[in-house]
1. What FRET efficiency would be calculated for the residue pair SER177, SER376, taking the C-beta separation as r and a Förster radius of 51 Å, to the nearest 0.05?
2. May I ask you to sort ASP514, ASP155 by Cβ crowding, counting other Cβ atoms within 10 Å and putting the fewest first?
3. In nm, to one decimal, how far is the THR481 label point from the ASN344 one, both placed 7 Å along Cα→Cβ?
4. Grab the Cα-Cα distance for ARG332 and ASN554, subtract it from 0.36 nm times how many residues apart they are, and report the gain in nm with one decimal.
5. Tell me, what is the FRET efficiency for ARG496 and LEU532 to the nearest 0.05, using R0 = 25 angstrom and their Cβ-Cβ distance as r?
6. For the pair ASP389 and GLU139, how long in nm is the line joining their label points, each one 7 Å along Cα→Cβ?
7. Multiply the residue separation of ILE569 and HIS470 by 0.36 nm, subtract the distance between their alpha-carbon atoms, and state the gained length in nm to one decimal.
8. Of LYS260/LYS329; LYS281/LYS535; LYS281/LYS507; LYS186/LYS229, which pairs sit farther than 31 Å apart, going by alpha carbon to alpha carbon?
Amino acid sequence: MAYASHLIKHSKKLRNVSSLMRHEHAGLVRWLSNDFHLSSGKRNVIEELNVQENMNFDNGISRPNLKTTWAKQADVIKEPYMCSPLQNLLLYFPGCVSADESGNRLFLSDSNHHRVIVSDGNGKILDSIGSGPGFEDGEFESAKLARPAASFYDDEEDCLYIVDSENHAIRRADLESRVLETVYPKSFSKKNNSIWTWIMDKLGFRINVDARSEEFDSQPLVFPWHLLKSMDNTFLIISRSFETLWVIDLVSGEMKECIKGFPNILETCGQLIAGKISLLKQLPIDYLKQQTDVNCSLKEFPYATLVSNLTTFENDIVLCDTVAHRVLKISRESGACSNLQLSNFGILGLPFWLSFPVERVYSAAGASADHIEHVSLLPGRVDMRLNIDIPMDTELVEPLQEGCIWRQARGSATVILGAEDVVGSSEKAGVSQQWYDELDNLAFSTPGLEMATEEDNATSDVNYQDERLHIDCAVNTSPGTSELIIHAALYLKLRRHLDLEEGGQQKYAARIADILNPGRGKGLEKDSCIQLLLKSNCNLRDLIFVKPLHLRINLDTLDHPKADNSKDIILTDSAIEVNVSL
């Protein structure tokens, strides 16, 4: 009876809280509708949102608490596809940078793309940490971050410590094993790795019973941004506005101290901050003012918020330009400034915001694809050549790499990656015989020679000739219907013209906005994109951006032709070309 009474009392409290939250939400909706004079369409959207929220509250579903770091962050971070035209830039708010000079490596926090790019001093991309927004440990290709900020390279461990700002956590990337793990808060780093726990976590039913502690609740790590290492091997984590400093021992995973107020922070790490800010003396004052957040300006150190934007690398200063979405190299001797030209984009793979779920691709309207082709043919091998005209006034920054392409066949077709990977032979062997032939090839092939051949043919199915992009693909088909879906990320920039001197930047910005935001007309979104591009005050012809490519080829495969003896079937080799204009 006592336990039942406790449950009744607890349920009444929950109903009271739910009623209060529903009342506050309704008041917010009325305030938005009355004060902003919304149109009938927008008001209907808000009313639908109000109804949906009421249903959630009535069903006992509450939204996660953003102020506590022990909340399930995967439920908080949900980004819509193509949420911003600027998302298709190569770098989208590169917030912070650190370096490993002995290993010739730079670590760029591509914050709004939720990844950390590893490159050499010349900009060649070596690796990428993070697959998209979320909170998940694991290998670099599957791990998830939420707007990573400052980082620190530990030479002894060959690890990179990363401030995961919107997950309110500190992550550690082992650069040798290529595994990302959470080191603070401790509750996320000591997870049960059983398959059942993984399934429950994916379904959203995992309960973080041990996620709280008195120390953790009293001084939570909320939206950290900067990271410095002190002499006593403790990490100094600072909020972006320099209002809070957390002193954390990442070896033990415990928070030692929490300091409030910028004057008190200066007493603890003023020398470290001053040493970094001294590197900014070579930059123009106007440029520094453009990079500094006005709301976070500090009188004692007006550019303290830029301490994580730069690092020293050999004889240069590497600086993240968050306004122009680029990375600069400034010579410490001559003061000459140049862009860090990133290359080897195949390492980045297909960006997460281009990887639509298969169900949405299958059920999407035709307008969502750049090109849809319908083909009827006989069963067998089909060699396809895609002839792609890139947007006018643009050029490829580098040849399209295989890592930037995603293919999938649905239905009665199977994709063959690489035009030279022929399954079977001209003698039309059966499936079982083909399987045994593959085993024989694996058993008697030389590993070294085979690896060399794979490297030579890594980009054999992607080439660029006569100002058109060609992608070769092959599929095996059987009777029935099937669909081939191809996604690719094309890295482009504007061609250099000599006839656009007056108003060139305005025209360049408008052209880039059209490419980044196709089919949206001349609305507010396009105008805001143009203004953001013009705000960068850089040569827009050097700006690298991603053009998504989405193709769907529907294959209608007829029945097998019969041989003369009416028993054997005949497989036919076919070849088709598909012309696409972006």
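1. Details: r = 50 Å, r/R0 = 0.97.
Given R0 = 51 Å and the Cβ-Cβ separation, E is 0.55.
2. Numbers: ASP514 18, ASP155 10.
Arranged by neighbour count, lowest to highest, ASP514, ASP155 become ASP155, ASP514.
3. 4.5
4. Numbers: separation 222, 0.36 × 222 = 79.92 nm, distance 5.72 nm.
The ARG332-ASN554 span can extend by a further 74.2 nm.
5. Working: r = 22 Å, r/R0 = 0.90.
Once the sixth-power term is evaluated, E becomes 0.65.
6. Once both label points are built, they end up 4.1 nm from each other.
7. Numbers: separation 99, 0.36 × 99 = 35.64 nm, distance 3.30 nm.
Contour length minus Cα-Cα distance gives 32.3 nm.
8. Numbers: LYS260/LYS329 34 Å; LYS281/LYS535 23 Å; LYS281/LYS507 34 Å; LYS186/LYS229 19 Å.
With Cα atoms farther than 31 Å apart: LYS260/LYS329; LYS281/LYS507.
Values quoted throughout were computed directly from the atomic coordinates according to the rules given, and no laboratory measurement underlies them. Keep in mind that what you see is a predicted model, and the values were worked out from it rather than measured. Here the Cβ is made from the backbone with ideal geometry for all residues, glycine too, and neighbour counts use every protein chain on show.
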